[in-house]
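Participant: Have a look at the structure that comes next, please.
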């Protein structure tokens, strides 16, 4: 479950603005990242927010407003009420976070440039607790009313000994590798033709040898996926996102629809070196904000080979009602051709329901209440051979 946060009153904001104005650092005013008309996204492990109470909130407000990002994937929200407090102080931003999770995930987004179409968790069933200590958090959004994106926020299991032991179910590297495999299967099935960004504190190196690389499943599929930050991972430690080790643990993976953005010289992918401008350098930043630096990716959507959007053509073929559903579902074909078959798949791509040989019917009703709550895909085939897929949310 996620919780949506609304802005606080203007009077409260003005009070706090006056309060923090004297605390602002002249150096942080020089922070910059976002570019007009670029889609600017970042991942930021904000380390047990708020790490140093009110002081952390003051700094984070200033950092976010100076960076001018469109979407920030946040990890390690420790105190939800303080995260709500933070959001109430940000002009032109909103956000949400996981409810009831350990070291919660969340998103902060620019309300002027981003419209959130859907937000939900995946792999939130307790049986996935081994690979996903925190369920991935998905945002489906539209940027500037024109470009659709799917952004998946993650925080993989930490720690380990750099050796992947597939025979040990509780081996940290094995758990991260399994999470990578599950996510890839899910993304292949649900978002195979979408503008996809998977990012977060993934707690491992991109540069490990293949036998120990928890991301090898992506590296072995360069036709469909690339790590936008691979050059950072292979560069000097001064460019890495986790300076205290040092190591580079925070990553941004993109689908092939965004490959052109990676190659555009106007795009930027970088670890955002807040510590260079922070009072007291990295030690000051670590004490008051986080031990991780954000990693950002910014690009101009109009110059890339983006897909046209999320299931736009499928929306014209059939409808699903109600959605979300508690079990009873009605599917209606919008064209002249009747329904030939309906199939329902779970998050792993396994078929869990099928209804075939519909005859001449253009409408079909069925009961899925026997299935667990979660995210499913409904695939419809018409008598004329058209096929389409839509997402279905089952709730209880």
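Participant: Between 293, 310, 306, which is buried (at least 19 other Cβ atoms within 10 Å of the Cβ), within 21 Å of the chain's Cα centre (by Cα) and at pLDDT 95 or above?
Facilitator: Values: 310 fails: at pLDDT 95 or above; 306 fails: at pLDDT 95 or above.
293 is the lone residue from the list that is buried (at least 19 other Cβ atoms within 10 Å of the Cβ), within 21 Å of the chain's Cα centre (by Cα) and at pLDDT 95 or above.
Participant: When the residues of segment 189-221 are narrowed to those that are assigned to a helix (DSSP H, G or I) and in contact (Cβ under 8 Å) with a residue 60 or more places away in the chain, which ends up surrounded by the fewest Cβ atoms within 10 Å (Cβ to Cβ)?
Facilitator: In the first step, residues of segment 189-221 are kept if they are assigned to a helix (DSSP H, G or I); the result is 189-190, 210-212, 216-219.
This time we only want the ones that are in contact (Cβ under 8 Å) with a residue 60 or more places away in the chain, so: 189-190.
Details: 189: 16, 190: 20.
Top of the filtered list is 189.
Participant: When both residues are 6+ apart or on different chains and their Cβ atoms are under 6 Å apart, which pairs have a first residue that lies in segment 344-371 and is outside the structural domain of residue 187 (by TED's automatic domain parsing) and modelled with pLDDT of 90 or more, and a second that is loosely packed, with under 13 Cβ neighbours inside 10 Å and not in a loop (DSSP other than H, G, I, E, B)?
Facilitator: 345/351; 367/328
Participant: Does residue 252 meet the test of being in the same structural domain as residue 198 (by TED's automatic domain parsing), touching a residue at least 40 places away in the same chain (Cβ under 8 Å) and in contact with a helix residue (DSSP H, G or I) (Cβ under 9 Å, 6 or more places away or on another chain)?
Facilitator: Working: in the same structural domain as residue 198 (by TED's automatic domain parsing): yes; touching a residue at least 40 places away in the same chain (Cβ under 8 Å): yes; in contact with a helix residue (DSSP H, G or I) (Cβ under 9 Å, 6 or more places away or on another chain): no.
For residue 252, the condition - in the same structural domain as residue 198 (by TED's automatic domain parsing), touching a residue at least 40 places away in the same chain (Cβ under 8 Å) and in contact with a helix residue (DSSP H, G or I) (Cβ under 9 Å, 6 or more places away or on another chain) - is not met.
Participant: Separate question: Here are 62, 79: which of them is modelled with pLDDT of 95 or more and in contact with a helix residue (DSSP H, G or I) (Cβ under 6 Å, 6 or more places away or on another chain)? Show your work before the answer.
Facilitator: On the way: 79 fails: in contact with a helix residue (DSSP H, G or I) (Cβ under 6 Å, 6 or more places away or on another chain).
Within the list 62, 79, the selection yields 62.
Participant: Here are some conditions: (1) at pLDDT 95 or above; (2) over 22 Å from residue 160 (Cα atoms); (3) touching a helix residue (DSSP H, G or I) at 6+ places or on another chain (Cβ under 7 Å); (4) surrounded by 14 or more Cβ atoms within 10 Å (Cβ to Cβ). Residue 281 meets all but one. Which one does it not meet?
Facilitator: Single failed check for residue 281: (4).
Residue-by-condition table, conditions (1) touching a residue at least 40 places away in the same chain (Cβ under 8 Å); (2) in contact with a strand residue (DSSP E or B) (Cβ under 8 Å, 6 or more places away or on another chain); (3) over 28 Å from residue 70 (Cβ atoms); (4) not assigned by TED's automatic domain parsing to the domain that holds residue 34:
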{"site": "172", "(1), (2), (3), (4)": "no, no, yes, no"}
{"site": "223", "(1), (2), (3), (4)": "no, no, no, no"}
{"site": "231", "(1), (2), (3), (4)": "no, yes, no, no"}
{"site": "242", "(1), (2), (3), (4)": "yes, yes, no, no"}
{"site": "245", "(1), (2), (3), (4)": "no, no, yes, no"}
{"site": "261", "(1), (2), (3), (4)": "yes, yes, no, no"}
{"site": "275", "(1), (2), (3), (4)": "no, no, no, no"}
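Participant: Checking the structure you have, find out if any residue of segment 248-265 is buried (at least 19 other Cβ atoms within 10 Å of the Cβ), more than 22 Å from the chain's Cα centre (by Cα) and closer than 30 Å to residue 28 by Cα.
Facilitator: no
Participant: Among the residues of segment 141-160, is any in contact with a helix residue (DSSP H, G or I) (Cβ under 6 Å, 6 or more places away or on another chain) and at positive phi? Write out each step before concluding.
Facilitator: Let us first name the residues in segment 141-160 that are in contact with a helix residue (DSSP H, G or I) (Cβ under 6 Å, 6 or more places away or on another chain), namely 147, 156-157, 159-160.
So of that shortlist, the ones also at positive phi come out as 159-160.
Yes, segment 141-160 has at least one match.
Participant: Also, quick follow-up: In segment 46-62, what residues are closer than 15 Å to residue 277 by Cα and surrounded by fewer than 22 Cβ atoms within 10 Å (Cβ to Cβ)? Before you say what the answer is, go through the steps one by one.
Facilitator: Narrowing segment 46-62 to residues closer than 15 Å to residue 277 by Cα: 59-60, 62.
Correct list: 62 only.
Participant: Being out of contact with any helix residue (DSSP H, G or I) (no Cβ under 9 Å at 6 or more places or on another chain) and modelled with pLDDT of 95 or more is the filter here; which residues of segment 188-221 pass it?
Facilitator: Looking only at segment 188-221, we keep the residues that are out of contact with any helix residue (DSSP H, G or I) (no Cβ under 9 Å at 6 or more places or on another chain), and these are 188-192, 199-201, 209, 211.
Passing the criteria: 199, 200, 201, 209, 211.
Participant: Among the residues of segment 352-378, write down those that are buried (at least 17 other Cβ atoms within 10 Å of the Cβ) and assigned to a strand (DSSP E or B). Talk me through it step by step, then tell me what you get.
Facilitator: Applying the first criterion (buried (at least 17 other Cβ atoms within 10 Å of the Cβ)) to segment 352-378 yields 353, 358, 362, 364, 368, 374-378.
Answer for segment 352-378, where residues must be buried (at least 17 other Cβ atoms within 10 Å of the Cβ) and assigned to a strand (DSSP E or B): 353, 364, 374, 375, 376, 377, 378.
Participant: Okay, next question. Within segment 341-351, track down each residue that is surrounded by fewer than 17 Cβ atoms within 10 Å (Cβ to Cβ) and in a loop (DSSP other than H, G, I, E, B).
Facilitator: Matches in segment 341-351: 348, 349, 350.
Participant: So which residues in segment 1-45 are surrounded by 14 or more Cβ atoms within 10 Å (Cβ to Cβ), part of a strand (DSSP E or B) and at pLDDT below 85?
Facilitator: 2, 3, 5
The values are calculated or read from the model by the stated rules, or taken from the named source; none is laboratory data. Not measured: the values here are computed from a predicted model. Please note: Cβ atoms are built from the backbone with ideal geometry, for glycine as well, and neighbour counts cover all protein chains shown.
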